[in-house]
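No lab work stands behind these numbers, since they all come straight from the coordinates. Please read these numbers as outputs of a predicted model, since none were measured by experiment. Here Cβ is always computed from backbone atoms with ideal geometry, including for glycine, and neighbour counts include all displayed protein chains.
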Amino acid sequence: MPRKIMTDPKRYLITSALPYANGLKHIGHLAGAYIPADIYVRYLRAQKRDVVFVCGSDEHGTAIPIQAMKEGTTPQAIIDKYHEAMKEDFADLDISFDIYHRTSSPLHHETAQEFFTKLNDAGELETKETEQFFDEATKTFLADRYIKGTCPNCGSDRAFGDQCENCGTTLSPDELINPVSTLSGETPVKKKTTHWYLPLGKHEDFLREWILKEHKDDWRGTVVGQCKAWIDGGLQSRAVTRDLDWGIKVPVQGADGKVLYVWFDAPIGYISATKQWAIDNKKDWKPYWQDKETKLVHFIGKDNIVFHCIIFPIMLKLHGDIVPANVPANEFLNLEGDKMSTSRNWKLEMRDYINDFVKKENGGGQMVDALRYYLTAIAPETKDSEFTWKGFQTAYRSELSDIFGNFVNRTFVLMHKLCNGKVPKLHEDILDENDKILIADIEGTKGEVQSALEYYHFKDGLFQVIDLARKGNQYMQKKEPWIVAKALAAGGDEAIAAQAQKKIDNCLHLCLQLTANLAVLVNPFLPNTAKKMLHMMKVVDKMLDWENAGKIKLLSVGYSLREPELLFRKIEDSEITEQIEKLKAGLIKETTGNGQQATGNKQPTAAPEKTNVMSKPEIVYEDFAKLELKAATVTACEKVAKADKLLKLEVDLGTEKRTIVSGIAQHYSPEEMVGKQVVVVTNLAPRKMKGIESQGMILTAEDSDGKLQLLKPENVVAPGSNVS
Ligand SMILES: [Zn+2]
């Protein structure tokens with residue numbers, strides 16, 4: 001029988017993927033697993049829910065000693081360095097973990113060993129003897145990465161036991177030609193070794209029932225789809241131990257030199273983090289992992305789906321713990337037309353953004369919110385999406401600043417100018433249709449945002465908040481309190497003047513209540529903005545309680561408010577250009593193999609990565625609506641002297657005639673243009689070409705032969721008809 005979808009859980013346990021402590025993390029990670037989790041948690045906290053938000057550094061696995069070799073230091077030094085750096089990055093971007101723990105802590109080692117022992121004692125693990133490469137010089141079994149040789153596919157001598165750095169082929173050490181140990185340079189030998197395995201196949205029925213039936217509708221389609229592919233592909237047993245000296249010792253006698261495989265110990269890190277949080281806060285951690293009324297949600301990127309939806313849930317089930325209620329995994333974020341890549345240095349690290357924007361004089365919380373805003377607005381919730389610097393600037397300016405910031409600023413300025421800096425009265429007797437619609441919008445938006453957040457549609461939730469601000473602007477535009485005030489200032493009948501002031505009062509009263517609502521609603525997304533708004537309204541944090549959303553009496557009549565502060569500073573074009581140049585300058589170009597020592601060198605992987613087909617960043621409807629498009633009829637046309645590509649056209653727009661210069665001379669003759677209908681962009685700034693001012697632009701499409709084809713209405717319409 002399907003389990004009930006939890007609508008009102010007793011408590012929440014929210015996790016963000018444990019970042020691997022071998023390097024700094026970029027904004028793709030931030031967009032995938034941290035910002036959405038933080039929004040969700042802040043929303044739950046505003047609802048006074050019992051919620052714990054855990055994360056920490058993942059500090060085991062082969063890549064740590066490899067990174068240590070590269071940097072010429074010890075594994076411990078590597079994890080200490082990156083643990084601290086990542087912790088600081090998250091704190092600087094206001095990711096509000098209740099605890100940021102680490103898997104090298106003794107508490108975690110103990111927790112992971114206990115976990116293994118419980119499963120092993122219950123007979124849930126299998127042991128198998130296999131042959132593995134062994135370096136006799138250093139007396140160690142070699143992880144795949146520690147073996148290099150010649151690639152059987154491309155012949156490069158820069159192939160590792162797991163992958164060829166040149167052609168990108170996935171390999172096993174057995175496939176390498178002339179394998180050698182990277183530790184000693186000696187040829188490794190095959191030696192027998194015993195390992196413990198988790199037989200995933202035994203749990204296929206559980207997975208099918210739990211994911212493919214119970215959660216087929218409430219989990220993201222991309223997540224269910226990936227799980228189904230894994231399950232249908234056949235679930236193999238997976239080794240949970242390996243021969244390595246960096247990690248958590250296998251708690252079995254005679255298992256010297258063996259540690260828990262990092263994929264096994266890392267997710268247990270969520271549990272040990274919860275334990276540490278409970279110790280620090282004098283709480284009991286057990287209900288968070290063992291009580292069925294706890295809602296567990298894992299926030300991750302799509303590369304982690306199999307671990308969080310298949311392997312870890314099996315481990316949890318065997319251990320007697322709860323399984324996740326949801327795993328809203330995100331797709332990937334690309335950067336300026338290409339995949340983010342650490343090896344090619346095509347990335348934007350959180351630290352770089354923090355240094356260039358947040359820590360600057362002109363930065364701080366508003367620039368934290370700027371990044372949180374854009375990464376949520378373009379969140380790769382259902383498909384890969386793309387970060388572009390221009391897109392960042394445009395979204396910030398046209399949505400956050402021009403719509404949200406502008407509304408709040410206008411409201412405060414007018415309230416100071418027309419209402420003595422105090423919250424004016426609401427005169428219920430003269431409420432008109434526009435007032436009533438606005439009140440309904442305020443009351444209704446709460447539900448919209450809430451249901452978006454409950455279903456992990458963060459992008460949509462944020463859109464609803466901005467949309468409310470947009471409605472506020474439209475309302476003010478209709479009410480025009482400044483014009484009413486002018487009439488008032490002109491003097492005249494006292495009764496009329498009193499009526500006019502009442503109108504102004506109502507408008508600003510409602511705009512102020514809307515502003516207070518915006519603070520409550522935007523708080524989970526942009527906490528710094530909400531805080532600044534509280535300061536302007538001179539109210540306490542408690543106003544941000546979610547229960548206040550949708551109320552129109554948040555600010556008391558007669559209460560005096562502060563002068564407005566700029567919520568969002570301008571982002572200059574030069575700042576954007578600088579970032580684009582920096583990104584391009586840092587790109588490490590693909591190189592061909594040169595036989596250099598592979599371990600520890602700075603050669604990037606040269607696996608050919610396909611460049612994405614460039615597409616422009618997503619825009620909102622308002623961006624599109626800025627264009628004025630009209631149908632027009634061409635009334636005259638001639639060639640432009642000394643320009644073989646240009647035609648000069650005269651077009652009839654119904655109410656006016658305009659001159660347009662268009663680069664279609666090689667595709668259309670002047671004679672055939674006359675009488676044709678075209679689509680014109682009429683609000684484009686005029687531009688001079690060959691001395692002629694062009695007062696618009698004609699739309700064309702390019703066919704496969706490179707010939708331009710005019711865009712025109714299917715049937716003739718009246719000149720000047722709107723195109724939308
Ligand atoms: Zn190769």
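The string of couplings for the stretch 89-104 from the Karplus curve (6.51, -1.76, 1.60, θ = phi - 60°) is 4, 5, 5, 5, 9, 6, 7, 9, 4, 6, 8, 10, 9, 8, 7, 8 Hz, one whole number per residue in order, with x for Gly and Pro. Please compute, over every Cα-Cα pair in the stretch 428-481, the percentage with a separation greater than 12 angstrom. Distances greater than 12 Å cover 67 percent of the Cα pairs. The stretch 480-531 to the stretch 247-284: how many Å between their Cα centroids? Taking the Cα centre of each part, the stretch 480-531 and the stretch 247-284 sit 57 Å apart. Can you check what the net charge comes to around L561, using other residues whose Cβ is under 12 Å from the Cβ of L561 (Lys, Arg +1; Asp, Glu -1)? Net of charged neighbours comes to +1.
Taking amide H atoms as placed 1.01 Å from N in the peptide plane, the amide H of F141 lies under 5 Å from those of D135, each 5 or more residues away in sequence or on another chain.
Length gained on full extension, K286 to V681: 135.8 nm, using 0.36 nm per residue less the C-alpha separation. With a Förster radius of 22 Å applied to the beta-carbon distance between T194 and T73, the computed FRET efficiency rounds to 0.10. For the stretch 130-135, the Karplus equation 6.51 cos²θ - 1.76 cosθ + 1.60, evaluated at θ = phi - 60°, returns couplings of 10, 9, 9, 5, 9, 9 Hz by residue, with Gly and Pro reported as x. With contacts taken as Cα pairs under 8 Å and at least 6 residues apart, the stretch 16-134 reaches a relative contact order of 30 percent. Both radii are taken from the alpha-carbon atoms of the stretch 313-396; with Rh as the Kirkwood radius, Rg/Rh is 1.13. Rounded, prolate or oblate: pick one for the stretch 159-206, where a ≥ b ≥ c are the square roots of the eigenvalues of its C-alpha gyration tensor, a/c under 1.5 means rounded, and failing that, prolate if a/b is larger than b/c, else oblate. Here the stretch 159-206 falls in the oblate category. The overall shape of the stretch 173-330, judged from the alpha-carbon gyration tensor, is oblate: a/c is not under 1.5, and a/b is no greater than b/c. Each of C164, C637, C154 was scored by other Cβ atoms within 10 Å of its Cβ. Arranged with the fewest first, they read C154, C637, C164.
Taking square-rooted eigenvalues a ≥ b ≥ c of the alpha carbon gyration tensor, is the stretch 354-510 rounded, prolate or oblate, where a/c under 1.5 means rounded and, failing that, a/b exceeding b/c means prolate? It comes out prolate by the Cα gyration axes. Over all projection directions, the Cα-based convex hull of the chain averages an area of 40.9 nm². Ranked by the mean number of other Cβ atoms within 10 Å per residue, highest first, peptides 543-552, 38-47 order as 38-47, 543-552. Of the GluC sites (Glu not before Pro) in the stretch 289-390, the ones in a loop by DSSP (not H, G, I, E or B) with at most 12 other beta carbons within 10 Å are E293, E361.
Using the Cβ-Cβ distance between H427 and D545 with R0 set to 35 Å, the FRET efficiency from 1/(1 + (r/R0)^6) comes to roughly 0.80. Annotation for the stretch 65-122 versus the stretch 7-31: alpha-carbon center distance of 14 Å.
Here E563 and T342 are evaluated by their C-beta separation; at R0 = 41 Å the FRET efficiency comes out at 0.35. Taking amide H as placed 1.01 Å from N in the peptide plane, L335 has its amide H under 5 Å from the amide H of M340, F387, each at least 5 places away in sequence or on another chain. Considering only the other residues whose Cβ falls under 14 Å of the Cβ of L13, what net charge follows from Lys and Arg at +1 and Asp and Glu at -1? Net of charged neighbours comes to +3.
Note on the stretch 122-231: Rg/Rh from C-alpha atoms, Kirkwood Rh, equals 1.15. As a proxy for reagent exposure, D89, D429, D338 were ordered by neighbouring Cβ count within 10 angstrom, fewest first; the result is D429, D338, D89.
With a simple spin-label model that places each label point 7 Å from the Cα along the Cα-to-Cβ direction, the separation between A122 and V716 comes to 8.0 nm. Using the alpha-carbon positions of the stretch 1-69, Rg (one decimal) and Dmax (whole number) come out as 16.3, 53 Å. Based on DSSP H segments of at least four residues, each scored -39500 (n - 2.57), the chain has a per-residue ellipticity at 222 nm of -11000 deg cm²/dmol. Ordered by the count of other Cβ atoms within 10 Å of each Cβ, fewest first, S237, S385 give S237, S385.
Between amide H atoms placed 1.01 Å from N, distances below 5 Å from C55 occur with I99, H101, all of them 5 or more places distant or on a separate chain. Converting phi to 3J(HN,Hα) with the Karplus coefficients 6.51, -1.76 and 1.60 and the offset θ = phi - 60°, the stretch 575-580 yields 5, 6, 4, 4, 5, 5 Hz in sequence order, with x at every glycine or proline. Computed on the chain, with alpha-carbon pairs under 8 angstrom and 6+ residues apart, the relative contact order is 13 percent.
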